[in-house]
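Asks: Attaching a single structure in structure tokens format; questions to follow.
The values are calculated or read from the model by the stated rules, or taken from the named source; none is laboratory data. Not measured: the values here are computed from a predicted model. We work out accessible area using only protein heavy atoms, side chains counted, and drop any ligands, DNA or RNA first. Shrake-Rupley method; radii C 1.70, N 1.55, O 1.52, S 1.80 Å.
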Amino acid sequence: MHINIVRPFMPDLTEIQADFARSLESGLVTNNSPHVRRFEDKLQEYFGCPIKPSVNCNGELSLYHLIQAWKEKLGYGPHESFEVLVPSFTFSGTINAIVTNNLRPVFCDVDGGLVIDVEKAVVDSPDIKMILAVGAYGNLADLEALGTLAKSHDLAVILDNAPAFGSRFKGKWSWEYGFSEMISFHATKVFSSMEGGANIVNDREIADYLLRLRDFGQYEKTRGDVDVPGLNSKMTEVCALVGLRNLEKVDYILATRAKNAARYREFFGRLEDQGLLRQMHVGEGVECPYLYFPIILHEEASAFVRYMQSKDIGVRRYYTATHDLKFYRGRYRQQDLGFTDAIKDNIVALPLHTLMADSEMDYLFDSVRKYFARD
């Protein structure tokens with residue numbers, strides 16, 4: 001049996017082809033075109049947020065612009081800089097978005113939930129003006145504690161929730177805690193528009209910046225004058241169409257993933273009780289949609305990865321300690337990264353699909369069981 005690391009959830013071609021044909025005929029395929037606007041309307045309806053989410057061509061540029069908008073609001077120009085508290089345990093895209101905004105990451109540790117350790121993070125310099133937390137695997141930090149830390153030091157808070165569509169804390173969306181949030185709609189993510197991303201904010205100044213930044217920074221179109229240096233990061237019609245159709249099925253997507261994740265937690269919980277591995281801790285009140293299912297081994301993960309690959313099961317060494325990546329190694333400040341350093345070589349992300357058959361999960365579980373039973 002072959003199991004891919006991901007299996008994108010996509011609408012059938014028949015669900016979008018008539019609308020897409022009309023888009024092609026009209027020529028309205030980008031530049032804030034009709035289905036893009038409708039997609040934003042439907043996202044606002046789904047999240048119940050007072051300010052309409054703004055969509056972009058991908059999650060990375062959504063995050064880049066969100067950081068850029070906050071930098072502008074805080075009064076810093078393109079050539080000025082400050083420091084950003086950010087967990088090292090993330091994908092390189094998180095750190096890249098900080099650095100390409102001419103800001104300086106301060107790498108901090110994660111806790112057993114593989115999210116920023118709010119109690120351990122220290123605002124140890126007046127140069128720190130922002131916290132960027134990451135919704136690793138769809139998990140969330142304690143958003144109340146995060147808000148308390150930020151408020152006590154007057155810090156802006158951004159959530160890189162690329163994998164965390166559908167995540168809530170104590171029944172509330174992240175925007176309800178006053179945070180600005182980016183969610184990715186990449187094909188590999190929980191919810192997909194094929195490619196894309198969105199920012200959900202509750203600050204109208206930030207929202208206005210975001211609309212201009214995705215359109216070259218233009219505040220008027222007659223001469224194309226700009227007041228901020230934006231990029232062309234607008235979503236296309238075909239991606240909006242895919243997003244609209246998938247949004248109609250989002251309750252099914254999240255419910256199915258929750259059902260599958262429950263099976264994983266039960267199986268790996270037994271292995272954890274036997275002392276064979278650790279699971280990601282999901283805190284009380286967190287609804288986690290599980291992009292992949294991470295496990296933390298008690299040894300370096302190469303042998304486990306090779307074994308699973310020999311069984312034709314796709315796995316990833318994901319996330320990673322970004323402070324150890326070639327470009328970032330030794331270049332920026334870091335705080336105590338004891339837990340990150342302890343797990344960085346031992347963690348493996350296992351496939352967990354929306355459309356995953358019981359037989360596939362049984363095969364994956366049996367393969368893991370046999371790995372730990374080998375001589």
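Asks: Grab the Cα-Cα distance for Arg369 and Lys170, subtract it from 0.36 nm times how many residues apart they are, and report the gain in nm with one decimal. Spell out each step's value before the answer.
Replies: On the way: separation 199, 0.36 × 199 = 71.64 nm, distance 3.43 nm.
Result for the pair: 68.2 nm of gain on full extension.
Asks: Take the alpha carbon atoms of segment 285-351, find their center, do the same for segment 102-134, and report the distance between the two centers in whole angstrom.
Replies: 19
Asks: Hey, can you grab everything whose amide H is under 5 Å from the amide H of Thr30? Only 5+ residues off in sequence or another chain; H modelled, so Pro and N-termini drop out.
Replies: Excluding prolines and chain starts, which carry no amide H, the hits are Glu237.
Asks: Another question about this same structure. Ranked by accessible surface with a 1.4 Å probe, highest first, in what order do Phe327, Phe339 come?
Replies: Working: Phe327 100, Phe339 50 Å².
So, going from the largest accessible area down, we get Phe327, Phe339.
Asks: Taking 1 over the mean of 1/r across every pair of different Cα atoms in the chain, what Kirkwood radius in Å do you get?
Replies: Numbers: mean 1/r = 0.0466 Å⁻¹.
For the chain, inverting the mean 1/r across all distinct Cα pairs yields 21.5 Å.
Asks: Next question, about the same structure. Sequence neighbours fewer than 8 away in the same chain don't count; with that in mind, list the aspartates and glutamates whose C-alpha is under 17 Å from Lys249.
Replies: By straight Cα distance, Lys249 reaches Asp12, Glu15, Glu40, Asp41, Glu45.
Asks: Please list 3J(HN,Hα) in residue order for segment 46-57, calculated via the Karplus relation 6.51 cos²θ - 1.76 cosθ + 1.60 where θ = phi - 60°; whole Hz, with x for glycine and proline.
Replies: 5, 8, x, 8, x, 10, 4, x, 10, 9, 9, 5
Asks: Checking the table Lys120/Lys326; Lys71/Lys172; Lys189/Lys259 against a 20 Å threshold on Cα-Cα, which pairs fail? The partial results should precede the final answer.
Replies: Numbers: Lys120/Lys326 26 Å; Lys71/Lys172 26 Å; Lys189/Lys259 17 Å.
In this structure, Lys120/Lys326; Lys71/Lys172 lie more than 20 Å apart at Cα.
Asks: Once phi is turned into θ = phi - 60°, what whole-Hz ³J(HN,Hα) does the Karplus curve with 6.51, -1.76 and 1.60 give for every residue of segment 344-353, x standing for Gly and Pro?
Replies: Result, rounded to whole Hz: 4, 9, 10, 9, 9, 9, 9, x, 9, 9.
Asks: Continuing with this model, one more query. Which whole-Hz couplings ³J(HN,Hα) result when phi for each residue of segment 106-121 is put into the Karplus expression 6.51 cos²θ - 1.76 cosθ + 1.60, θ = phi - 60°, listed in order with x for Gly and Pro?
Replies: The phi angles translate into 10, 6, 10, 8, 10, 10, x, x, 6, 10, 3, 7, 5, 6, 8, 5 Hz.
Asks: For the chain, with a Gaussian network of springs between Cα atoms less than 10 Å apart, report the residue from Arg22, Arg278, Arg37 with the top mean-square fluctuation.
Replies: Arg22
Asks: Pull up all non-local amide H partners of Phe82: gap of 5 or more, or a different chain, and H-to-H distance under 5 Å with H placed in the peptide plane.
Replies: Those qualifying (amide H under 5 Å, at least 5 residues apart or on another chain) are Arg104.
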